[in-house]
1. Using the structure shown, decide if Lys328 is modelled with pLDDT of 90 or more, assigned by TED's automatic domain parsing to the domain that holds Ala386 and crowded, with 17+ Cβ neighbours inside 10 Å.
2. Of all residues in the stretch 349-363, count the ones that are surrounded by fewer than 20 Cβ atoms within 10 Å (Cβ to Cβ) and either free of Cβ contacts under 8 Å to residues at least 12 places away in the same chain or under 22 Å from the mean Cα position of the chain (by Cα) (or both).
3. Which condition from (1) of a type in the set (Phe, Trp, Tyr); (2) farther than 15 Å from Leu277 by Cα; (3) buried (at least 19 other Cβ atoms within 10 Å of the Cβ) is the one that Phe127 breaks?
4. Can you find even one residue in the stretch 381-392 that is assigned to a strand (DSSP E or B) and touching a residue at least 24 places away in the same chain (Cβ under 8 Å)?
5. Pick from Ser346, Ser356, Ser314: which is over 25 Å from Thr83 (Cβ atoms) and not β-branched (Val, Ile, Thr)?
6. Could you please let me know if Lys373 is in a strand (DSSP E or B) and either under 19 Å from Phe85 (Cβ atoms) or among the basic types (Lys, Arg) (or both)?
7. How many residues does the stretch 364-375 contain that are over 22 Å from Arg287 (Cα atoms) and either among the aromatic types (Phe, Trp, Tyr) or free of Cβ contacts under 8 Å to residues at least 40 places away in the same chain (or both)?
8. Which one of these is in the same structural domain as Pro222 (by TED's automatic domain parsing) and among the basic types (Lys, Arg): Lys242, Lys338, Lys295?
Amino acid sequence: MKKLILLVPALSIILLSEAQLLKKIKDKANNVVDKKVDETTNGKKDERSTSGNNSGNDSKNSNEPATLKAYSKYDFVPGEKVTGFEDFSTGNIGDFPAGWNTNASGEIVTIEGKEGRWLWLTKPGVFVPELAQEYPEDFTFEFDLMHGVPINGAYFTVGFAELSDRSKISGWTYETNNFSIELDNANTGTDLATTRFTFRKNSVSDAGSGTNPTILSDKNNPVHVAIWRQKERVRVYVNQEKLWDIPRAAVKEAKFNTIFFSVSYADEGIKHYIGNLRLAIGAPDTRKKFLEQNKWVTHGILFDVNSATIKPESYGTLKEMDADLKVKIVGHTDADGKDAENLDLSKRRAAAVKESLAKEFGIDESRMEVDGKGESEPIDKNDTPAGKANNRRVEFIKI
């Protein structure tokens, strides 16, 4: 029996070594030919490319990305482990993505001038990504929303429900356990965005609403939506703004099994796009991790693609760092690309984190060392979007 137990990790090491060897062979083969970029992901238009801006040149905000400092009140921290990730990279342009359900229609597209791929919700209805069979009492869910040009009443809704029959996705409104968030650009000349949070527990409905003058006013750039459930408590963020922090939004026993998106209008003039969906589970606890493991691994520090530029929504995670600790910051990447380039990228990202902690949070630089491991120390498979998302991480090691 002992021999059998020892054989399992040995086999894992052999399999991992073979995978790394195959990766190196593939990289060498790629060096023989010129590097080419897929037209569907480099901003060029094809027959399925589309523009997220139908209102002419409104360049007021298009070239002014938010800074970390703009997120100084942002306290969102993603869950510990990424269990679902969808960037539509495995689907074909023009198709509805596999692993989704809908009573309407949509298609994977690129948006001119924007990174990556998006799901364009082409007809009104309900859209369900099947990221998990059940969503636990502690999880976070994030996605990007390009809203085109919504009009008053063209609500975009996202929420969670405990469906008694998961095939009947339009029935979420009738379930006892559900909550949803509605976003609507009033488009009345003042660019006010109406937000509405509704939830139902034990068959008793509650609701609230409010307005924000800028939350959906930028028609050229996506907004980042983050939802954080901790047992009964639910917090909702759009960009740096915390819209809701409801202590009793969900009953503790609720076993949500469905994420849903719902749109009331969708046509050539009213377009909704979603992208970069990210589900993570587990309540983050930085201090506990350092005390128990002398290490904190986070997937909440995000970077632009193939870049060491930190995304502003990383602010909540960065400020979790204990200024009194002396740490080594280690960057890790997934296995896409070449080994040497990934190693260099991981080191630059670790250096960017150190610089940000020193500049934005006043942490003494002498208390921080940096290193990068590239793709050499995966903690998950590199053949799924969720696995790659888990391998892209930053580790803080107590020294």
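1. Working: modelled with pLDDT of 90 or more: yes; assigned by TED's automatic domain parsing to the domain that holds Ala386: yes; crowded, with 17+ Cβ neighbours inside 10 Å: no.
Criteria not met by Lys328.
2. In the first step, residues of the stretch 349-363 are kept if they are surrounded by fewer than 20 Cβ atoms within 10 Å (Cβ to Cβ); the result is 351, 354-356, 358-362.
Applying the additional criterion that residues be either free of Cβ contacts under 8 Å to residues at least 12 places away in the same chain or under 22 Å from the mean Cα position of the chain (by Cα) (or both) yields 355-356, 358-359.
Result for the stretch 349-363: 4.
3. The number of the failed condition is (2).
4. We begin by selecting, within the stretch 381-392, every residue assigned to a strand (DSSP E or B); these are none.
No, there is no match, as no residue in the stretch 381-392 is assigned to a strand (DSSP E or B) and touching a residue at least 24 places away in the same chain (Cβ under 8 Å).
5. That would be Ser356, the only listed residue that is over 25 Å from Thr83 (Cβ atoms) and not β-branched (Val, Ile, Thr).
6. On the way: in a strand (DSSP E or B): yes; either under 19 Å from Phe85 (Cβ atoms) or among the basic types (Lys, Arg) (or both): yes.
Yes: the conditions hold for Lys373.
7. Final tally of qualifying residues: 0.
8. Details: Lys338 fails: in the same structural domain as Pro222 (by TED's automatic domain parsing); Lys295 fails: in the same structural domain as Pro222 (by TED's automatic domain parsing).
Answer to the check: Lys242.
The values are calculated or read from the model by the stated rules, or taken from the named source; none is laboratory data. Since the structure is predicted, the reported quantities are computational estimates derived from the model, not experimental observations. As a convention, Cβ positions derive from the backbone with ideal geometry for all residues, glycine included, and neighbour counts pool all protein chains shown.
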